[in-house]
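The values are calculated or read from the model by the stated rules, or taken from the named source; none is laboratory data. Remember, predicted model here, so these are calculated numbers, not experimental data. Neighbour counts run over all protein chains shown; Cβ positions are idealised from the backbone, glycine included.
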Amino acid sequence: MNQEQATGHPPRKVGRHPLIERTERATVGQATVENPRMSCQNVAVYYDSKKAISDVTLDIGRNEVIAMIGPSGCGKSTFLRCLNRMNDTIERCVVTGQIFMDGINIYDRDVDVVPLRAQVGMVFQKPNPFPKSIYNNIAYGPRIHGLVQNRDETDELVVSSLKRAGLWSEVKDRLEMPGTSLSGGQQQRLCIARAIAVNPEVILMDEPCSSLDPIATAIIEELIDELKQDYTIAIVTHSMQQASRISQRTAYFHQGNLIEIGPTDQIFLNPLHQLTEDYITGRFG
């Protein structure tokens, strides 16, 4: 398989610059952006004594889709979970460094993770609707967070969330049916609608299309493209074609290190690091 077949892009133009050697682990590319939505500084993750993430510094821009790519076990999902403190649920996991949002380090001791996880929502690899009706899958979060005061407000929020997730026309006549009765692609859009309903600012997606067929994947990708107008989206994906289609910036991880970060076109067409080029051309991974 050539580079164009592997990535959907034509081959890199050779000779523009020398590639940084495979042994170099310092991040190359532009890790910072102007006026970031989230700013990560020297973030490291340990499982007991094993270091899973090594001192990652990375800004996540406003109203952008940033894709995190790399081989299995490289740390991209672990890093993603740092962004809303999902790693707190793992007893032997320790996170160091700082992640700022609205000028506040989300790892400060006085930060309440419940509102944080509403502000920075998560869509998981496998659709996980609640064992409730379609309606109550959406209504549950806003009720818990006090975002709605009565049935009319709840109805309005349910409808608007399902519309924004592109699901309303498919479920409007069966809102009392279980969320689990939907197809896989519909369930994933239900989970996106559920995340939207609590008024987040950032949406994290951990391989949201890995269990979906190509048609459902295309629908989710179109939805992501629309949602970036209102949200910041960070997505982990094993599909380089998907990263190239939906993201504006791409971060390449390797063995717990952030190797390279830059505009998606540059990462795929003219990477700076040999490890990045090896991965996107299919030499490993």
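Descriptive notes on the structure:
- For D55, the test of being free of Cβ contacts under 8 Å to residues at least 40 places away in the same chain and closer than 19 Å to A234 by Cβ is failed.
- Which listed residue, of A193, A139, is in contact (Cβ under 8 Å) with a residue 24 or more places away in the chain, within 22 Å of E222 (Cβ to Cβ) and crowded, with 20+ Cβ neighbours inside 10 Å: A193
- Residue tally, condition small (G, A, S) and assigned to a loop (DSSP other than H, G, I, E, B), over segment 132-173: 3
- The residues in segment 1-30 that are among the polar types (S, T, N, Q), modelled with pLDDT of 80 or more and farther than 15 Å from K76 by Cα can be counted, and the count is 2.
- Only one entry of V95, V33 meets the criterion of being within 24 Å of T232 (Cα to Cα), modelled with pLDDT of 90 or more and assigned to a loop (DSSP other than H, G, I, E, B), and that entry is V33.
- Candidates A216, A243, A234, filtered to the one that is small (G, A, S), outside any loop (DSSP other than H, G, I, E, B) and over 15 Å from M68 (Cα atoms): A216
- If the condition is being touching a Cys at 6+ places or on another chain (Cβ under 6 Å) and either under 11 Å from V123 (Cβ atoms) or surrounded by 22 or more Cβ atoms within 10 Å (Cβ to Cβ) (or both), then segment 203-239 contributes only I220.
- Criterion: under 18 Å from M122 (Cα atoms) and not charged (D, E, K, R) - qualifying residue of P178, P200: P200
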